[in-house]
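What follows is a single structure, written as structure tokens, with notes after it.
The values are calculated or read from the model by the stated rules, or taken from the named source; none is laboratory data. Source: prediction; values computed, not measured. Cβ placement follows ideal geometry from the backbone for every residue including glycine, while neighbour counts extend to all protein chains displayed.
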Amino acid sequence: MAVKRAPAAGFTLVEVLVALALTAVIAAAAYTGLSTVISGVESTRAVAQRSWELNRALMFISRDLRQFSQRPIRDEFGEFEPALQGGAAARFLLSLTRSGWHNPNGHPRSALQRVNYLVEDDALWRESYPVLDRAADTQPQRVLLLDQVLDLQLRFLADLGQLQSSSTATEVDTRDWPDSWVANPGEPAAQLAAPLALELRLELADWGEVKRLYVLPPL
């Protein structure tokens, strides 16, 4: 008597194709989700890095202005420069003398330091000099503070009479503040008094305009 065998178990070609199609769909969905997560993490990391760079640059400016010292200097041409000058008509966007220059090695030098801020090649730079009164061969040390900088503008508060509130109570109207702080022709530059405050407007290629208001210490 012949034994009847059961048909061999397996998948048909249609079932294999359907399984492959489902696997491909699931893999594509998983990759899309993973790619979205990775892109989000990279974007968050880039924003955090940019925020750190901006805050670092503003910290340098804030620290220098908080430690402002009313000490004029002589430049490499032997001419007097006031303790603070800046703006559109000045040689540097911002130039000032600051105190608190750390001296951990006890070098025979002043605790005062002359610093400049300038925008060059779409970047914000800080220059500092090893001496206050420079010689012809004195070279500054340059530090890159921030890139993608399109413009930097300053406005200066000369007296409290210019201090007015804008339409919003949280802002100060600086439209009448002068955009340059330089000595008048014919007057000694060393006698130029410092402003009471200054407004900084930084135009960035990626974040647009950033504004800060700094009050100088009373002297």
Legend entry - Residue pairs meeting the criteria (Cβ under 6 Å; at least 6 apart or on separate chains; first assigned to a helix (DSSP H, G or I), in the range 44-55; second of a type in the set (A, V, I, L, M)): GLU53/LEU146
Legend entry - Filter pass, GLN70 being in a loop (DSSP other than H, G, I, E, B), in contact with a strand residue (DSSP E or B) (Cβ under 8 Å, 6 or more places away or on another chain), polar (S, T, N, Q) and surrounded by 10 or more Cβ atoms within 10 Å (Cβ to Cβ): yes
Legend entry - Top-ranked residue of the range 179-196 - restricted to ones that are small (Gly, Ala, Ser) and at negative phi, ranked as nearest to the chain's Cα centre (by Cα): SER180
Legend entry - Any hit, the range 119-138, residues being without any contact (Cβ under 8 Å) to a residue 60 or more places away in the chain, within 15 Å of THR97 (Cα to Cα) and within 19 Å of the chain's Cα centre (by Cα): yes
Legend entry - Residues of the range 23-60 satisfying the condition of being among the charged types (D, E, K, R) and more than 35 Å from the chain's Cα centre (by Cα): none
Inset, instruction - Run down TRP181, TRP177 and say which single residue is among the aromatic types (Phe, Trp, Tyr), under 19 Å from LEU213 (Cα atoms) and in contact with a helix residue (DSSP H, G or I) (Cβ under 8 Å, 6 or more places away or on another chain). - result: TRP177
Legend entry - Evaluation of LEU144 against (1) in a loop (DSSP other than H, G, I, E, B); (2) of a type in the set (A, V, I, L, M); (3) free of Cβ contacts under 8 Å to residues at least 60 places away in the same chain (one fails), failing number: (1)
Legend entry - LEU58 at pLDDT 80 or above and closer than 30 Å to PRO185 by Cβ: no
Inset, instruction - Within the range 144-151, identify whether any single residue is touching a helix residue (DSSP H, G or I) at 6+ places or on another chain (Cβ under 7 Å), at pLDDT 90 or above, under 28 Å from GLU53 (Cα atoms) and surrounded by 11 or more Cβ atoms within 10 Å (Cβ to Cβ), and answer yes or no. - result: yes
Inset, instruction - Inspect all residues belonging to the range 181-188 and state whether any of them is within 20 Å of ARG66 (Cβ to Cβ) and of a type outside the set (Phe, Trp, Tyr). - result: no
